[in-house]
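Everything below concerns the one structure shown next.
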Amino acid sequence: MTLMNEPVKRAEVKPKYCRFKKNGIKYIDYKDPDFLLKFINEQGKILPRRLTGNSWKYQNKIAQAVKRARHVAILPYLADQMK
Amino acid sequence: MILPVFTELILGIRLPDYEPFPTFAPHFKTIVKPMKNYETVFILNPVLSEDQAKDTVEKFVKLLTKAKANVINVEKWGLKKMAYAIQNKSTGFYNLIEFATADSTLINTLETEYRRDESVMRFMTIVLDKHSILYNERRRKGEFNRTKKQAPRKEAAEV
């Protein structure tokens, strides 16, 4: 799910797309940890755009939302095994 | 632009008095500042009893209403587990207040009030843009219940 844009088989490389642009999502809520969990790895780090396929605009919004969630202890700053 | 002093010299006439440092938009003073929506989340100490927690939330709501802010929504999420320990405590009372005000200094007074109150462990105030205001309206109506919310997104992502 998270790594939907990462090519597993080199032979069939699908073009990357931004899921926010595609689905028309304009605002990313920091209060929703389940949704933000798709954009961070097991250590709680924000995944790069290379893997998520987000556009620059929405990747920045994701980063903003994750950082806000961390501040109010909805998401951890550090984690060993989140998923 | 030719300075009025030079025009006077060249034309040999006396121009009417001008302001030495003209204000560019004097009408700005009369314009009413636009209302902005804010959202503030704060975590209260779990040592408090539920009544005490309620009272502290009411205290902050009162502070906002006294300053003529328009309190849109107050949410109490109750005792929640935090992602990491704050002040050696793993749980806390989460509260959310959404309000609209034209007075931006109100945020400062609110945050100093948070800092003075020892029962507030963590707080955050953010400005809402037009998209987040719409989102919050829909959230209040309960359009984003967990099951409803995730189903369409998953489908869309897999296509």
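The values are calculated or read from the model by the stated rules, or taken from the named source; none is laboratory data. All of these numbers come straight from a predicted model, not from anything done at the bench. Here the Cβ positions follow ideal geometry from the backbone for every residue, glycine too, while neighbour counts run over all protein chains shown. Side chains included, ligands, DNA and RNA excluded: accessible areas come from the protein's heavy atoms. Shrake-Rupley method; radii C 1.70, N 1.55, O 1.52, S 1.80 Å.
Could you please let me know if B:V32 is at pLDDT below 95, open to solvent by 50 Å² or more (accessible area, probe 1.4 Å) and among the β-branched types (V, I, T)?
Values: at pLDDT below 95: yes; open to solvent by 50 Å² or more (accessible area, probe 1.4 Å): yes; among the β-branched types (V, I, T): yes.
Taking the combined requirement at face value, the residue satisfies it.
Mind listing whichever residues of segment A:21-36 are part of a helix (DSSP H, G or I) and either surrounded by fewer than 16 Cβ atoms within 10 Å (Cβ to Cβ) or not aliphatic (A, V, I, L, M) (or both)? Give the derivation first.
Of the residues in segment A:21-36, the ones part of a helix (DSSP H, G or I) are A:21-23, A:33-36.
Of everything in segment A:21-36, those that are part of a helix (DSSP H, G or I) and either surrounded by fewer than 16 Cβ atoms within 10 Å (Cβ to Cβ) or not aliphatic (A, V, I, L, M) (or both) turn out to be A:K21, A:K22, A:N23, A:P33, A:D34, A:F35.
For segment A:54-70, how many residues are open to solvent by 10 Å² or more (accessible area, probe 1.4 Å) and either part of a helix (DSSP H, G or I) or within 10 Å of chain B (Cβ to nearest Cβ) (or both)? Full working, then the answer.
Here is the first cut: in segment A:54-70, the ones open to solvent by 10 Å² or more (accessible area, probe 1.4 Å) are A:55-61, A:63-64, A:67-68, A:70.
From what is left, the residues that are either part of a helix (DSSP H, G or I) or within 10 Å of chain B (Cβ to nearest Cβ) (or both) are A:56-61, A:63-64, A:67-68, A:70.
Total satisfying the criteria: 11.
Scan B:F99, B:F123 and give me the residue that is within 14 Å of another protein chain (Cβ to nearest Cβ) and either surrounded by 15 or more Cβ atoms within 10 Å (Cβ to Cβ) or modelled with pLDDT under 95 (or both). Even if it seems obvious, please write down each step before you answer.
Values: B:F99 fails: within 14 Å of another protein chain (Cβ to nearest Cβ).
When all the criteria are applied, what remains is B:F123.
I want to confirm something. Restricting to segment B:62-96 and keeping residues that are out of contact with any Pro (no Cβ under 7 Å at 6 or more places or on another chain) and of a type in the set (K, R), which single residue is least open to solvent (accessible area, probe 1.4 Å)?
Among them, the one singled out is B:K80.
Find all pairs meeting these conditions: Cβ atoms under 6 angstrom apart; at least six residues apart or on different chains; first residue within segment A:48-60 and within 14 Å of A:L36 (Cβ to Cβ); second residue part of a helix (DSSP H, G or I) and at pLDDT below 95.
Between residues of segment A:48-60 that are within 14 Å of A:L36 (Cβ to Cβ) and residues that are part of a helix (DSSP H, G or I) and at pLDDT below 95, the close pairs are A:T52/A:F39; A:Y58/A:F20; A:Q59/A:R49.
Can you pull out every residue in segment B:91-125 that is out of contact with any helix residue (DSSP H, G or I) (no Cβ under 7 Å at 6 or more places or on another chain), of a type in the set (A, V, I, L, M, F, W, C) and within 18 Å of B:P34 (Cβ to Cβ)?
Matches in segment B:91-125: B:A100, B:A102, B:L106, B:I107.
Might you check whether a residue that is modelled with pLDDT of 90 or more, touching an Asp or Glu at 6+ places or on another chain (Cβ under 9 Å) and within 30 Å of B:T91 (Cα to Cα) occurs anywhere in segment A:54-73? Steps first, answer last, please.
Taking segment A:54-73 first, the residues modelled with pLDDT of 90 or more are A:54-73.
Within this subset, residues satisfying the condition of being touching an Asp or Glu at 6+ places or on another chain (Cβ under 9 Å) are A:65, A:69.
Going one step further and asking which of them are within 30 Å of B:T91 (Cα to Cα), we end up with A:65, A:69.
Yes - at least one qualifying residue is present in segment A:54-73.
Go over the candidates B:K141, B:K54 one by one and state the one that is surrounded by fewer than 16 Cβ atoms within 10 Å (Cβ to Cβ) and at pLDDT 90 or above. Working first, answer last.
Working: B:K141 fails: at pLDDT 90 or above.
Matching residue, one of B:K141, B:K54: B:K54.
Just to be sure I understand the filter: pairs with C-beta atoms under 7 Å, separated by 6 or more residues or on different chains, first member in segment B:128-144 and in a helix (DSSP H, G or I), second member open to solvent by 50 Å² or more (accessible area, probe 1.4 Å). Which pairs pass?
From segment B:128-144, the pairs are B:H131/A:K26.
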